[in-house]
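These notes concern the structure reproduced below.
Read-outs: derived from the displayed coordinates by stated rules, not from any lab. Predicted model, so just to flag it, every value in this text is computed and none were measured. Methodologically, a virtual Cβ is constructed for each residue, glycine included, from the backbone with ideal geometry; neighbour enumeration extends over all protein chains shown.
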Amino acid sequence: MLRWLAATPALLAMNPSASAATPLVTRPIPRSGERLPVIGLGTWQVFDVGRDSAARARLREVLTQFTAGGATLIDSSPMYGSAESVVGDLSAALGLREKLFLATKVWTSGREDGIAQMERSIARLQAGAMLDLMQVHNLVDVATHTKTLMDWKAKGRVRYLGITHYTASAHDALARRLDSGDYDFVQVNYSLDEPEAAARLLPLAQDKRTAVLINRPFGQGGMFSRVRGKPLPPWAAELGIASWAQYFLKWILGHPAVTCVIPGTGNPKHMADNLNAGIGALPDAAMRARMAQHFDAL
């Protein structure tokens with residue numbers, strides 16, 4: 001027993017889901033007050049595994065880790081190959097549906113094609129009668145799909161509606177749509193490598209009481225190459241940061257407009273590492289500036 005107790009701190013450091021005493025930070029969806037854990041899960045590429053049993057077994061472990069750690073929001077799209085079906089199959093097999101906040105997207109043109117695609121996505125996710133969040137992917141035929149989704153929300157088919165994009169060049173278009181006040185969520189790219197959303201889009205989301213999901217939190221992947229082999233600054237320990245992934249994620253979460261960040265991973269160890277970024281203190285404006293300055297100097 002003494003040996004087990006001595007080992008417990010190390011075990012919890014590796015696996016944040018093992019401790020109910022260190023819950024994930026949560027933030028409210030502005031228009032409803034419903035609280036979401038600040039770490040979510042993206043499925044682009046990593047969940048597009050089809051019927052590969054070995055890959056599915058690994059993703060089953062990821063989802064187990066994810067929900068045991070208190071996270072809930074999983075984001076997908078019909079653009080992501082088999083990802084929606086894999087999420088649906090695994091979450092059903094694990095009995096996780098009631099623990100999840102499922103988000104996906106519509107990515108086509110035309111009202112009828114949009115409705116058909118959204119119906120397929122809901123079926124693939126095995127989401128039941130009401131999907132948590134449907135988003136217009138990359139603003140494709142956004143006016144048409146927004147009308148449909150507002151009707152679906154009124155009828156109880158979806159709980160929330162949103163818009164997404166993944167490039168800075170689309171931020172002005174996202175901002176114009178946010179000005180309409182129609183959307184509960186906006187999903188946008190934001191990272192130390194791609195900080196442009198902070199100039200206008202994130203403050204506008206706050207003004208419009210719109211929840212913010214962050215995609216591409218590690219930029220295009222070059223951020224890890226940039227820090228490979230380099231130690232964390234000693235002062236990162238003040239925030240409990242133990243890896244560069246946590247450094248990058250905590251910097252994002254320090255922005256008050258951000259509701260949830262959705263790094264994609266099919267690796268259980270990376271899932272545990274990402275979850276740790278949503279535990280404990282988050283950086284204030286001064287610390288975020290220090291973190292950005294240190295990263296820029298690398």
Computed over the chain, Cα set: Rg, Dmax in Å | 18.9, 65
In the range 16-75, trypsin sites (Lys or Arg not before Pro) in a DSSP loop with at most 12 other beta-carbon atoms within 10 Å = ARG51
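Show me 215-222, 271-278, 162-169, 72-79 ranked by packing, highest mean number of other Cβ atoms within 10 Å first. Don't skip to the end; give the middle numbers.
Values: 215-222: 16.6, 271-278: 25.4, 162-169: 18.8, 72-79: 22.1.
Top to bottom by mean Cβ count within 10 Å: 271-278, 72-79, 162-169, 215-222.
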In the neighborhood of SER191, defined by Cβ-to-Cβ distances under 15 Å, what is the net charge if each Lys or Arg adds +1 and each Asp or Glu adds -1?
-> 0
Take every DSSP beta bridge whose two residues both sit in the chain, then give the antiparallel share in percent to the nearest 5.
-> 10
Among THR104, THR43, THR67, the residue with the largest mean-square fluctuation in a Gaussian network model of the chain built from Cα contacts under 10 Å is THR67
Pair ARG209, ALA237: separation of 7 Å Cα→Cβ label points (nm) | 4.4
Relative to the present Cα-Cα distance, how much length would full extension add between GLU61 and ALA281 at 0.36 nm per residue of separation?
-> 76.5 nm
Relative contact order for the range 35-297, counting Cα pairs under 8 Å that sit 6 or more residues apart, in percent | 20
In the range 201-298, which trypsin sites (Lys or Arg not before Pro) are in a loop and have at most 13 other Cβ atoms within 10 Å, using DSSP for the loop call?
-> ARG209, ARG228
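Measure up LYS99/LYS208; LYS99/LYS147; LYS105/LYS208 against 31 Å on the Cα-Cα distance and list the ones that go over.
Values: LYS99/LYS208 28 Å; LYS99/LYS147 29 Å; LYS105/LYS208 21 Å.
From the list (LYS99/LYS208; LYS99/LYS147; LYS105/LYS208), the Cα-Cα distance tops 31 Å for no pair.
Just how large is the dipole of the range 35-297 about the Cα centre, in debye to the nearest 20, putting +1 at every Lys and Arg Cβ and -1 at every Asp and Glu Cβ? Display every interim value, and only then the final one.
Working: 29 positive and 25 negative charges, 67 e Å.
Approximately 320 debye in magnitude.
Can you figure out the FRET efficiency of ASP52 with ALA93, using R₀ = 22 Å and their beta-carbon distance, to the nearest 0.05? Kindly include the intermediate steps, with their values, before the conclusion.
Numbers: r = 15 Å, r/R0 = 0.69.
Given R0 = 22 Å and the Cβ-Cβ separation, E is 0.90.
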Specify the residue with the greatest mean-square fluctuation among ALA245, ALA173, ALA197, computed from a Gaussian network of the chain linking alpha-carbon atoms under 10 Å apart.
-> ALA173
